[in-house]
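Undergrad: The following block contains the structure, expressed as structure tokens.
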Amino acid sequence: MEGAALLDKAKKRKDYDYILNRVNYYNKLTEDNILLNKDLWEKKAVKVAEQPMTRQKVYYLDTLEYARCFDGNNKWNLLPGDITYVEDIPTIVKSRPIHGENQNSVLLKMDKVRHFIFVKDKLSFAEKKKTRLSSEGK
């Protein structure tokens, strides 16, 4: 599905505002706040299709899942691992500082096997809380 058609389909969803809010949280870049040092961009950014393997293969494979949806000639800067600073150019990261001007750090779900696996549990959180509270008095 083309990008415009996909966006039109998304706009018809009841939870579109929620989706847009999440997207804007992950990607805070706008035309007004983009901090782009063009010389540094030319030095650090690579074509998506030419992204070298990262030290930890899982970051590379997780980003490829999404990157393959875009033109391979587009450029990006990818920083794998736990990033605690903001790059001088827009950069794809899995973590970023929570305060300050962090818009150059665009979040992407990476290392999902480690961070996004959830146990299927029959008990809801509320039921667990009830069980825990009733057993504490014993």
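Undergrad: Can you list the trypsin sites (Lys or Arg not before Pro) in region 1-91 that are in a DSSP coil and have 11 or fewer other beta carbons within 10 angstrom?
TA: Working: sites: K9, K11, K12, R13, K14, R22, K28, K38, K43, K44, K47, R55, K57, R68, K75; in loops: K12, R13, K14, K28, R55, R68.
In loop regions of region 1-91 (DSSP not H, G, I, E or B), the sparsely surrounded trypsin sites (Lys or Arg not before Pro) are K12, R13, K14, R55, R68.
Undergrad: Could you give me the ³J(HN,Hα) list for region 64-78, computed from phi with Karplus coefficients 6.51, -1.76, 1.60 and θ = phi - 60°, whole Hz, x at Gly and Pro?
TA: After applying 6.51 cos²θ - 1.76 cosθ + 1.60, I find 4, 4, 8, 4, 5, 7, 10, 4, x, 7, 5, 9, 8, 10, 10 Hz.
Undergrad: Please list, by residue number, every one of the GluC sites (Glu not before Pro) in region 11-64 that is coil in DSSP and has at most 15 other beta-carbon atoms within 10 Å.
TA: Sites meeting the loop and neighbour criteria: E31.
Undergrad: State the number of lysine pairs found in region 6-60 whose Cα atoms come within less than 25 Å, restricting to pairs 8 or more positions apart or on distinct chains.
TA: 12
Undergrad: Follow-up. Which FRET efficiency, nearest 0.05, do R22 and C69 yield, Cβ-Cβ r, R0 25 Å? Present the calculation step by step, with values, prior to reporting the outcome.
TA: Values: r = 18 Å, r/R0 = 0.70.
Using R0 = 25 Å, I get an efficiency of 0.90.
Undergrad: Of the chymotrypsin sites (Phe, Trp or Tyr not before Pro) in region 1-109, which ones lie in a loop per DSSP and count no more than 15 other C-beta atoms within 10 Å? Can you show the working numbers first?
TA: Values: sites: Y16, Y18, Y25, Y26, W41, Y59, Y60, Y66, F70, W76, Y85; in loops: F70, Y85.
Here the chymotrypsin sites (Phe, Trp or Tyr not before Pro) that fit, given the DSSP loop and packing criteria, are F70, Y85.
Values quoted throughout were computed directly from the atomic coordinates according to the rules given, and no laboratory measurement underlies them. Note that the coordinates shown come from a computational prediction; the quantities given were computed from them, not determined experimentally. Using ideal geometry, Cβ is built from the backbone for each residue, glycine included, and neighbour counts are taken over all protein chains shown.
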